[in-house]
1. In the set VAL112, VAL132, which member is part of a strand (DSSP E or B), surrounded by 20 or more Cβ atoms within 10 Å (Cβ to Cβ) and of a type in the set (Val, Ile, Thr)?
2. Looking at the stretch 150-165, which of its residues are touching a strand residue (DSSP E or B) at 6+ places or on another chain (Cβ under 8 Å), surrounded by fewer than 20 Cβ atoms within 10 Å (Cβ to Cβ) and either assigned to a loop (DSSP other than H, G, I, E, B) or of a type in the set (A, V, I, L, M, F, W, C) (or both)?
3. Read through the list (1) closer than 21 Å to PRO82 by Cα; (2) touching a Lys or Arg at 6+ places or on another chain (Cβ under 8 Å); (3) of a type outside the set (Lys, Arg), then give the number of the only condition that GLY178 fails.
4. Among the residues of the stretch 119-133, are any touching a Lys or Arg at 6+ places or on another chain (Cβ under 7 Å), within 19 Å of ARG36 (Cβ to Cβ) and in contact (Cβ under 8 Å) with a residue 60 or more places away in the chain?
5. For ASP230, are the conditions met, namely being touching a helix residue (DSSP H, G or I) at 6+ places or on another chain (Cβ under 9 Å) and charged (D, E, K, R)?
6. Restricting the stretch 183-197 to residues that are assigned to a loop (DSSP other than H, G, I, E, B), touching a residue at least 60 places away in the same chain (Cβ under 8 Å) and open to solvent by less than 70 Å² (accessible area, probe 1.4 Å), which is farthest from ARG252 (Cα to Cα)?
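The values are calculated or read from the model by the stated rules, or taken from the named source; none is laboratory data. On a predicted model such as this, the values are computed, not experimentally measured, just so you know. So basically every Cβ, Gly included, is an ideal-geometry build from the backbone, and we count neighbours across all protein chains shown. In case anyone asks, the SASA skips ligands and DNA or RNA and just uses the protein heavy atoms, side chains included. Shrake-Rupley method; radii C 1.70, N 1.55, O 1.52, S 1.80 Å.
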Amino acid sequence: MKLPFNYSRLHRLLTFVFLVIFATGVIAEIAPADYREQLSDKVWLESLKPANFQDRTIIDGTAQDIIEIKAPYTAEDAAIVPISIHAKIPQTADHYIKKIHIFVDKNPLPLVGIFELTPHSGKADLAMRIRVDDFSYVRAIAEMNSGELYMAKSFVRAKGACSAPPPASMEESMKLLGSMKMNSIGDVELGQPNLMQLKIRHPNITGMAPLKIGSRVMPPPHFVKELEVDFNGEPVLKAQLTFSVSMDPAFRFYFVPDKPGIMTVKGIDTKNNNFSSTHEIKTNS
């Protein structure tokens, strides 16, 4: 005798199968990202932190309210990932951020740079473009003038920046190597933090990619390694940099002028090329 077909049972079975497939897909989407974040944290905790800060305490997460970092979760171009660091306290003579250390955990050279600041900065905010070679946390560690350390981090999905073929503009950067442009953003106000923008033409070669597509010749690393910025002779910013900074480095930072004057930038690269530039700071008053 032919038994009637149980459509209700089939429906429940198909629903169960669908839910299993859906859940598996969700897990497959979530797990790799979580795994990469955990791997990045492992590199930091087991290698980078001990090597750079030894056993010093670093306050992070919700326990700190000193610094934050902003970066795109998914980068459009791994070779020019925009990041910005924002201080939540003003720079005063008694209490200020003395240094900001920036790292990309999974980069071949994780250190992006160490930026030394002073009360003349007014605000310890920074912005720049960096290379991200693999899915990784980007970290900013603020070191206070009193010695405390505070950390903020942001996970970035990007890959292959340090070994990527150079862009067509590389040749132009080589020709204009060391040339700089500076300008203030908005009207300059005396006694207040004012935003400054600095652009440097430099290829910032990583040494991990040929200069021409198809070539097997790897040029040695060649990048801007030091910068010093002062205003009317007073230090504003000093930086030690690596090739994890993008080609044609660009930075934004603050300074507090007490009168009109001259901002001077001096730089040196890994081939000991020295370059400098000045910019006149005027006010409307």
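1. Details: VAL132 fails: part of a strand (DSSP E or B).
Answer to the check: VAL112.
2. Passing the criteria: only PHE155.
3. Here GLY178 clears every test but (1).
4. no
5. Working: touching a helix residue (DSSP H, G or I) at 6+ places or on another chain (Cβ under 9 Å): yes; charged (D, E, K, R): yes.
Here the answer is yes, as ASP230 does meet what is asked.
6. Filtering the stretch 183-197 for residues assigned to a loop (DSSP other than H, G, I, E, B) gives 186-193.
From what's left, touching a residue at least 60 places away in the same chain (Cβ under 8 Å): 187-193.
From what is left, the residues that are open to solvent by less than 70 Å² (accessible area, probe 1.4 Å) are 188, 191, 193.
On the way: VAL188: 15, GLY191: 19, PRO193: 12 Å.
Restricting to residues being assigned to a loop (DSSP other than H, G, I, E, B), touching a residue at least 60 places away in the same chain (Cβ under 8 Å) and open to solvent by less than 70 Å² (accessible area, probe 1.4 Å), the top hit is GLY191.
Rundown of residues vs (1) under 21 Å from TYR96 (Cβ atoms); (2) open to solvent by 10 Å² or more (accessible area, probe 1.4 Å); (3) touching a helix residue (DSSP H, G or I) at 6+ places or on another chain (Cβ under 9 Å), yes/no style:
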| residue | (1), (2), (3) |
| --- | --- |
| PHE243 | no, yes, no |
| VAL256 | yes, yes, yes |
| VAL265 | no, no, no |
| THR270 | no, yes, no |
| ASN273 | no, yes, no |
| GLU280 | no, yes, no |
